[in-house]
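Quick note: the coordinates plus some simple rules give every number you see, no bench work behind them. Keep in mind that this is a model prediction, so the values were computed, not measured.
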């Protein structure tokens, strides 16, 4: 399996992170704001999203490992091909309208 992406449930991410970590707000969010897309697993099924990012996001949490596990366990995993299909589906929270060619 090729590199994958994970769609995280943003309700599991502390409000302090949303308010205080600038890189969080620069993430790739679903149209409804309820999911955040991050790098997922490589071909060896190793999580490639930097641990430092999770540590920064969860620094206000008492149970960092448990919350990180819940984030990962509840994530929706996509391959690039699957995500590309999601972006074309008008009923998907990831829908991205095609760019019209104005030649």
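Highest mobility in the GNM of the chain, judged by mean-square fluctuation with C-alpha springs under 10 Å and restricted to 91, 23, 61, is found for 91.
Helix 64-73 and the longest principal axis of the C-alpha atoms of the chain enclose an angle of approximately 30°. Taking the helices alone, the chain has a mean residue ellipticity at 222 nm of -9000 deg cm²/dmol, built from -39,500 (n - 2.57) per DSSP H run of at least 4 residues and averaged over all its residues. I want to verify a result. In a Gaussian network model of the chain, Cα cutoff 10 Å, which of these has the top mean-square fluctuation: 38, 72, 21? The residue with the greatest mean-square fluctuation here is 21.
By how many nm would the segment from residue 81 to residue 53 grow when fully extended, if each residue of separation counts as 0.36 nm and the alpha-carbon distance is taken off? Don't skip to the end; give the middle numbers.
Details: separation 28, 0.36 × 28 = 10.08 nm, distance 2.55 nm.
Difference between extended and current length: 7.5 nm.
Shown here: the chain, whose C-alpha atoms stretch 53, 34, 23 Å along the first, second and third principal axes, sorted largest to smallest.
Can you give me the relative contact order of segment 4-77 as a percent, contacts being Cα pairs under 8 Å and 6 or more apart?
Values: 96 pairs, mean separation 32.3, N = 74.
Value for segment 4-77: 44 percent.
Could you check which residue among 62, 88, 47 shows the biggest mean-square fluctuation in a GNM of the chain with a 10 Å Cα cutoff? Among 62, 88, 47, the largest mean-square fluctuation in the Gaussian network model of the chain belongs to 62.
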